[in-house]
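J.: Structure below; questions to follow.
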Amino acid sequence: MKNSDLLFKLERIVIDLVKVDGVDGGLIVDDTGKVVAKRMLQDIDIELFGPMSNVITSSSKRLFNSSHQGEIHRVLIESLNGKALF
């Protein structure tokens, strides 16, 4: 599969994701924190979200590995106004 084919498929994923009722946006971030696909319905700093998602997931992985809790499946952050799933 060519890189452009993969990027197209990733874009389709986030386009379909924001069609779900209650979802305000979606990002796909590589393991370096670079945003590779995005669809955001809100005005947010995309360039901040990528690296921060990397920090959140890598920190969570380290925490679970050090406490012998196994591999993480997802990280959920909740606030009064919304949720972010990593």
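The values are calculated or read from the model by the stated rules, or taken from the named source; none is laboratory data. Values in this document were obtained by computation on a predicted structure and should not be read as measured data. Note: ideal-geometry Cβ built from the backbone for every residue, glycine included; neighbour counts use all protein chains shown.
J.: Taking segment 36-60 only, how many residues are among the acidic types (D, E) and either surrounded by 13 or more Cβ atoms within 10 Å (Cβ to Cβ) or under 10 Å from the mean Cα position of the chain (by Cα) (or both)?
T.: So the first thing to find is which residues in segment 36-60 are among the acidic types (D, E), and the list is 43, 45, 47.
So of that shortlist, the ones also either surrounded by 13 or more Cβ atoms within 10 Å (Cβ to Cβ) or under 10 Å from the mean Cα position of the chain (by Cα) (or both) come out as none.
Total meeting the criteria: 0.
J.: Pairs please, first residue from segment 26-41 and outside any strand (DSSP E or B), second anywhere and surrounded by fewer than 18 Cβ atoms within 10 Å (Cβ to Cβ) and acidic (D, E), Cβ atoms under 6 Å, 6+ apart in sequence or on different chains.
T.: L41/D24
J.: Same structure, new question: For segment 16-35: of the residues being among the β-branched types (V, I, T) and loosely packed, with under 13 Cβ neighbours inside 10 Å, which is farthest from L76 (Cα to Cα)?
T.: Residues of segment 16-35 that are among the β-branched types (V, I, T), as a first pass: 18, 20, 23, 28-29, 32, 35.
Subset that is loosely packed, with under 13 Cβ neighbours inside 10 Å: 20, 32.
Working: V20: 18, T32: 20 Å.
Here the answer is T32.
To keep it simple, each residue is scored yes or no on (1) touching a strand residue (DSSP E or B) at 6+ places or on another chain (Cβ under 8 Å); (2) under 16 Å from L85 (Cα atoms).
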site: V20; (1), (2): no, yes
site: L27; (1), (2): yes, yes
site: K34; (1), (2): no, no
site: M40; (1), (2): yes, yes
site: F49; (1), (2): yes, yes
site: T57; (1), (2): no, yes
site: S66; (1), (2): no, no
site: G70; (1), (2): no, no
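J.: Please specify each residue of segment 59-74 satisfying the condition of being within 27 Å of V14 (Cα to Cα) and modelled with pLDDT of 90 or more. Walk me through how you get there before you give the answer.
T.: If we filter segment 59-74 for residues that are within 27 Å of V14 (Cα to Cα), which is where we start, we get 59-61, 71-74.
Scanning segment 59-74 gives S59, S60, K61.
J.: Assuming K9 fulfils every condition listed in (1) over 20 Å from T57 (Cβ atoms); (2) loosely packed, with under 10 Cβ neighbours inside 10 Å apart from one, which condition is it?
T.: Unmet for K9, out of (1) over 20 Å from T57 (Cβ atoms); (2) loosely packed, with under 10 Cβ neighbours inside 10 Å: (2).
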